[in-house]
Every structure is written in C-alpha cells, then in structure tokens.
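Below is one structure, written out as structure tokens; the observations come after it.
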Amino acid sequence: FESDAATINYGDSLTLKLQKNGYDEGYNTVISAVQNATVTVNESVTSYQTNEVGEVKMRFSKSGTYIVSAVPEDGYLVPPVCIVTVNEYAKMQEINEALENISATYKNKTDEWTVMDMGAYEKYAPQTENKLTDEARQTFINSAIKTIKDPTASLDTDIDKAVLGLNANNKNPELLYSVNSNTPISAIEKLNDVEQSTSAWRAPYTLSAYNQGEYKTDIYETTLVDAFLESQQEDGSWDEWGKIDTTANVIAGLSFYKDNAEVRDAIDKAVNYLSTQQTEDGTFSDGYSGPNSNSTAMVIIGLCAAGVDLVNDTRFINNGNNIIDGMLSFLVPDKNGFGHTDNAIINAYSTEQAFRALIAL
C-alpha cells in the first residue's frame, strides 16, 4: 500500500491504494497500480476489491485496530500490510454528555417510559451517578402492581409498559407482591387476559413485553406478527398515524422475530422505505410538523432494533449527513435536552424519545 499505517474516526471511510514494484528493461524501478485485488481484514476475506487504479474505499464496523492486506489475482511475493486504527465515533462524546445531562433530570421520575429509559441507561453506563432513586423505582413498582391487580384494567399498553419498566429495572414481572402478601402476581398473565390490539401503536409494545423473557406466549405473539405482515403497505410502510413513525414502531416490534424469513423480508422492505424518506440534513418528518426530533428518534429506535449500522449504512446518509447528525441537530446548545423542530427550546416529550433513541444507538 502507499501507506503502512492509517488512523480514522469510526464512521469515516478510508481509501488505500495498492501498488507493485517492478523493473523495466533498463532495470529501473517501475511502480504500477494493482487492480482487482481482494482485500483482507485481520486475515479474513472481505467483499472489497481494488479498482482500475488500485484504490479501495473501506469502512469499518467498529472502533479498534485492524490489519489490512490484499491478495492480487496473480498472487504476491511480499504481502501488503496497513495497520488501521479506527477511533471511537467522533460524536460519542457529545452523545454521552447529552445522556448524562438528561439522566440527571430523570432520577426522580416515576412514569413508565422514563423508568424504562433509566433502567436501560444504567445498563449502558453502569458508572453513572444518575440512577433512578430507590423511592422513584418503588413508586413505579407500586403503580405497576396496582394496574396489574385492577380487574377493570383492560388496555394492553398499560400492562406492556409495566412489564418493560419492571424488566429494565431487574424486576421479574411474573413475581410481584402486594404489601403484606406472599401471593405472587403476574403481569404476563394479566397481559394474556386483556384484549390485545393489532394497532401499530399498541401491538409492538406487547411484542416487546413478551420478549423480555421466556413466557410461553407464542400463540399471542404469532397472532400479532401475522397481523403486521398482512397490513404492510406495498411500499413497505405501515400507515396508521404518520407513515414514518408508525413504520419505525412496527419494525421495533417485529425485530424480535427477524430470524423468520418472512418477517426479515418485511423488515428489509420497511427499512428501505424509510431510507427513501430521509431529508438532506439526516432528519425525518412525521408529515404533520415537518422534520422533527420525535420522528427521527422513532426511526433510530426501529433501525437499531433491526440491526442497521446508522453511522456507515449509506441508505441513511443523505447529502453527507447520517441520521445521528439529524438527531443531534435538535440538541440544545447546553446539551440538556432536545427541541421538537429546532434546537432552541427544550421539549419534554422530544427529549424523552431522543434519550431513548440515543440509548438504543
């Protein structure tokens, strides 16, 4: 290679040029490009090949150190070697600062989504001092038990959120106890008993709840998954309340079943649809208020669940901006929250969804 070492940031591409030394009739050194050589990374063959001028443009899936080599069509006497150092994603410091600042304001929150977010954040950043207080956690648990015990409680989403919040905070939703009682209460049994909606704004959370453990609920899950496969639009979307947000939410719910070929095809089709809807600045619009942080956050959550590399996947790089650039464009200057359609004023709803999206990322 032209260089035997290179350093880049995660998310950036690296171009290497492969050459060979030869001699002309006068025994003068002649340097020429090597085309159609297969590139290897850490001794594993990749799909990268050098072009007609000997160049190859590469991306790396994570930070770290890599040994890059190449095998020309006619073999070689001396293998080329380039040691590539891939630094952490350049914007991780900004993301982590935002997560820390926002989590500091959530320590006493007791609503289901924030409790779930904080449990997930503690798993991502166990060293953080910004953890849900014991009082807030207990208040949430008490509220969840009350909902599960209520014989009139019939909304599946209420039970879903209880299960997700409990699991995020290391509480078994099948072994809950009321005060002064030794009789266990199961949120899963309650979820099985209520009427389960196939709505794109309810069923994905039920599927997520069921996938927090081995609950032997295949019959319920299959019904919801089949309903989504039947309701997918021709363009790959689901359209219930704004195609962007709805499609992203369904992807998140179906992601637990992506080993199923039919589900995998549906997710791929949906991901490709979303890639056609990204704006030039990397954001997404719900079709009502224009490009906004909530829609962008929902897409990040769905794509992360589907396993899409949001830094490198060219389907989500528009005009040089990826979806993370789009998300961070709504981050207010002091990094304490997110605006809805700009980064001027913190919006509480936008901040919670952005917080959740960045944890997913």
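Brief remarks on what is shown
- Computed E for Y124/E2 - FRET, C-beta separation, R0 41 angstrom, nearest 0.05: 0.55
- Ranked order, V115, V30 - accessible area, probe 1.4 Å, largest first: V30, V115
- Stretchable slack from E234 to V30, in nm (0.36 nm times residue separation minus alpha-carbon distance): 67.8 nm
- Bridge type composition, the chain - antiparallel percent by DSSP, nearest 5: 85
- If you take the Cα centroid of segment 265-301 and the Cα centroid of segment 67-85, the two points sit 40 Å apart.
- Cross-link partners for K91 among the lysines, with Cα-Cα distance under 20 Å and sequence neighbours closer than 8 places in the same chain left out: K62, K335.
- The chain, relative contact order [Cα under 8 Å, separation at least 6], %: 11
- The Cα atoms of segment 29-164 give a gyration tensor whose axes a ≥ b ≥ c have a/c of 1.5 or more with a/b greater than b/c, which makes the shape prolate.
- Note that the chain carries a Kirkwood radius of 23.1 Å, evaluated over its alpha carbons pair by pair.
- Backbone N under 20 Å from the T15 label point (7 Å along Cα→Cβ), restricted to segment 315-342: 315, 317-322
- Within the chain, the longest segment free of exposed loop sites, counting trypsin sites (Lys or Arg not before Pro) that fall outside DSSP classes H, G, I, E and B and have at most 13 other Cβ atoms within 10 Å, spans 63-215.
- If R0 equals 56 Å, the separation of the Cβ atoms of N336 and D74 corresponds to a calculated FRET efficiency of about 0.40.
- Note on the chain: GNM, Cα springs under 10 Å; of E88, E230, E135, the largest mean-square fluctuation is that of E230.
- Computed [θ] at 222 nm, helices only, for the chain once each DSSP H run of length n ≥ 4 contributes -39500 (n - 2.57): -12500 deg cm²/dmol
The values are calculated or read from the model by the stated rules, or taken from the named source; none is laboratory data. Here the structure is a predicted model, which is why all the values come from computation and not from measurement. Methodologically, a virtual Cβ is constructed for each residue, glycine included, from the backbone with ideal geometry; neighbour enumeration extends over all protein chains shown. Heads up: the accessible areas ignore ligands, DNA and RNA and are worked out on the full protein's heavy atoms, side chains in. Shrake-Rupley method; radii C 1.70, N 1.55, O 1.52, S 1.80 Å.
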